Structure formats: C-alpha cells, structure tokens
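The values are calculated or read from the model by the stated rules, or taken from the named source; none is laboratory data. Note that the structure is a prediction, hence the values are computed from the model and not measured. Ideal geometry is used to build each Cβ from the backbone, glycine not excepted, and the neighbour counts take in all protein chains shown.
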Amino acid sequence: MKCEYFDNNVCRLATQLAQSPVTVDPSSHCHVCQARHAAVSPDRPGTVCASLAIVQIRKQHDKTKAERLIAPLRQHCTVTPHVSRPSQTGPGTELQKLWSDVPGCQQCNDLAEKMNAWGVAGCREHFEEIVEDILPRARKWLEAEKPWIHNILGKVKLEDKALRFRIARDVTKAIEIAESRQPAEALAEPQSRREIREPDDGEWNAWLRSGGTLTLSESQCPRAISHPPQATRRPPSANVLLILSPRQLDPCIDSLARLPVDQVWFRAMTEPELSDYLNRFVATTHYENYLLAADDLESEPEVLALIEKLLEEHEAVTGWCRIAHDSPYANVTRAPLNVPRNRMPKMQDYSFYKVSEIERKPEGTFPTWFAGWTLTGFRRELWLQHPFRVNRFSGGQSDFETSAALNRKMISHTAARCEHDKAQLNRPQKQNWLIGESEPHLLYRRYDPETDTHDQPAPYVP
C-alpha cells in the first residue's frame, strides 16, 4: 500500500484534521479509502478519513473544539443513499424501535434519518461514528435517570466502556434487523437498467482477464443491482455459482470458469459492497440453491457435482480446502464458532479440523459449523433468512459472520476438497486487486448442459 499520509499505522491526514493522532488499520481503513478515493487532501479527505477524524475529535470531549473541527468535515461524510427509500425504514428506525422506552431528541431523530439514508452498508462503514455520536447523550441520560449506576461506574472509570459496549451491541442488532428485511423490500423497489457495452473479445477467459467491459451505469450505488419483474421467475437451472472476484487471479479464474453451472461474477467489490449486490441478486432470482466461491479457489467439476448432489438432501453444504499452504488446518470446524462480541474473530475462535484428520476419515460426509466459501451452497430460503454479512470491526470475514448467523451444523464430504491459492497463513495476498482499478460490475454466464458450454457474459436477463 502506498499513501503519502500513512506513517507507522497513523493517518497523518486524519491526524491533521482531528489535531490528535489517528491510528488506522491499513488492511481495512486504508484499503477502502484508496479504493473509493483516487486522491485525498486536507480539502478533500474523503469519507473514510473524515469519519476517522470525527471519531477522534469526539473522543477528546472538548465540545467547543469539536464544533469547530467537525463542522467542515461533515460535508465529506455525506453518503448518497443507495436507493430512494422512505425515511421511516432502515437501520436508524430499527435502532429507535430497540430504544422505544428511552425519550428521544432531535439529535437522535437526525441520526436515525442519516442511518436510514446510509443504509446497511453505509452504517457499517460509519459504525464508530454512530457509536460516538450517541455516546454523549447516553452518558447524560444515565447520569439523569440512573445516578447510582453513573456514580458506581464513574468511580471505577468503566462508564464509557460499558456504554460503548451497549451502544455498539444495539447498533449492530439494528443493522442486522434492517439487513434481514432487505430481501422483501428489494422486490418492491423501483427497477432500473444498466448501460451495457459489448465485450471486445468473445473468448471468455481473455475477456474476463482484461477486467471486462460490462459495467453498471450507477457504479457508485451498490443497490443499483435490480432486475425486471420477470427476474423473479425460477430459472431453468436449479443451481447458480456466485463467484466473489475482487482480485485478478488468473489460475483461479480459469478453474472456476470451467465449472458446468450458471455463474455470476461479482467483480471489483469490497465485502460490504457485496452485502448489497449479492443479497439483492438472491432476493430477485429463484434458483433453488446458491453456491459461493472465493476468488482464490480452484476446483474440479467432480467436486461441484458432489456438492450439487448433497444439496438434494441437505440445505447447507460446503466443500473444504487447506486454509494456507503452510497450515495443517482445513477451513471446516468440528464445533460451533466462538463469536466474540467486542472484537473481530481470531484463530482461537475456530475449532478447525486438521487436513490429516479429514484424510484419515472413511469416505463420506462429516459435519462442520463453518463454511469458507469453498463451493458453499445454501438453499434460497436459508439465504433469505441469513443473508451474506460482514464483521462490524473488520469490514470483512463474511464467511465467519454468515456461518455464525446460521449457527447450525452443515455438511461437507471428504471428497469435496478444493485447492486454495494462498501460500502463507499470516501474509494476505493483496496483489492484483481490481478494487479501485475497475468499477464494481456483475457478470452473468448461463450454462447449457446440452452443449456443455456457457453463454457469453451478460447482465442478468432470465
């Protein structure tokens, strides 16, 4: 990562704006900032940088200073609503419902309106800003309504920590409730068409490797993925493979493109953006099963056939692979996940099988409580109940969050092994990113079993 303002995990630009050191995570904050903003400066810091600065300013608890510094930053935190939706629906409204027993105020109403406008993905991006916005009012309410708790927690300096934990928990819950209602709402939203440019090269792999020429006319609005009403008809094929493709990994592209199944490629999208694109696609189509594959996966058609066969009997099935070439573990677990409440998941939260352990098993199925997007297939009803989601701390780890929300035993098979193109566990493969280099776009390929070929890539049209 190259950024003139990045210095030893400190953003010098956000620090300048906040007049206080602002630490950042280059794999999340900086990556999203660079993907969304080609160039940043003190006059145009971008949404991510401005939000980090605002959070840091509010942490200093200097009201006069905060008003002076935050005012010019607010314009950079304005997010265009993904869709035009009624102001009475969204994460902000769901949060107000959770706190219906607490007297509201105009600031609370303004924040709820802003959260509704941001939508699910925007609220996750601005999560810390939302928590810090609520904290001062929560502190005053606790002091007025629960003075004995205020006195006890204040003396041991735990009040802000306890309040932040409660606020973060309820904001997360409100976002998840709003997200769970999106599929039903998405079907009723106005429909829109995309501007389409025909591929220059008719040969699939060369065309896809070039980055593609099919783009969305509203590329900055993930919710612009919509389809004509007839898209809700059930397709002739029972299964579709959804391929998460934020990077240009040619060997994996070649392998996944050969799999004999309808395919949708979600190109150049961050995981929060995928939450909108992918969940909307599931909501507006009627395949029986939706399978997910990560972009660094290689698989044989025989493994896909095995997964599809298992989906005839089970509603949640996944393949498996080694989590990295230098790791003894596979991306399936022998027990439910440990879900942390105040941090992102770590290795100790998974009870991974060892690869050697699976290899010693008699051939057949075995249970797992985690699915790592290794030809992971769910029935449509299951996707609608437990949509694709990301971790609120990392903005990623969608496989963990979705598996944890599902919270049930899934089925894998000893023969459903794929290859994972990751050399080292502790060194993420960050080269060949499409994010920031290409606009988000969705490519659809219908498979014809009679000719054993795929159609040319095109937008989704049933």
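Quick notes on this one:
- Checked against (1) more than 22 Å from Asp110 (Cβ to Cβ); (2) at pLDDT 80 or above, Asp170 meets all criteria but (1).
- Looking across segment 418-450, the residues that are closer than 18 Å to Ala305 by Cβ and more than 25 Å from the chain's Cα centre (by Cα) come down to Tyr447, Asp448, Pro449, Glu450.
- Residue, modelled with the highest pLDDT, within segment 337-354, restricted to residues that are of a type outside the set (D, E, K, R) and surrounded by fewer than 18 Cβ atoms within 10 Å (Cβ to Cβ): Ser351
- No other residue among Glu315, Glu308, Glu300, Glu271 is charged (D, E, K, R) and either within 15 Å of the chain's Cα centre (by Cα) or not assigned by TED's automatic domain parsing to the domain that holds Thr402 (or both) apart from Glu271.
- Helices (runs of 4 or more DSSP H) wholly inside segment 243-352 containing at least 3 residues that are over 18 Å from Pro440 (Cβ atoms): 250-257, 301-310
- If you go through segment 315-336 and pick out every residue that is surrounded by 15 or more Cβ atoms within 10 Å (Cβ to Cβ) and either free of Cβ contacts under 8 Å to residues at least 40 places away in the same chain or more than 28 Å from Asn239 (Cβ to Cβ) (or both), you end up with 6.
- Any chance Cys11 is under 22 Å from Arg124 (Cβ atoms), out of contact with any helix residue (DSSP H, G or I) (no Cβ under 6 Å at 6 or more places or on another chain), modelled with pLDDT of 75 or more and not assigned by TED's automatic domain parsing to the domain that holds Cys123: yes
- Conditions (1) under 19 Å from the mean Cα position of the chain (by Cα); (2) modelled with pLDDT under 50: number failed by Thr215: (1)
- Of all residues in segment 337-349, those satisfying the criterion of being touching a residue at least 24 places away in the same chain (Cβ under 8 Å) and within 11 Å of Phe400 (Cα to Cα) are Leu337, Val339, Met344, Pro345, Asp349.
- Pick from segment 37-94, criterion at pLDDT 80 or above and part of a loop (DSSP other than H, G, I, E, B), ranking: surrounded by the fewest Cβ atoms within 10 Å (Cβ to Cβ): Asp43
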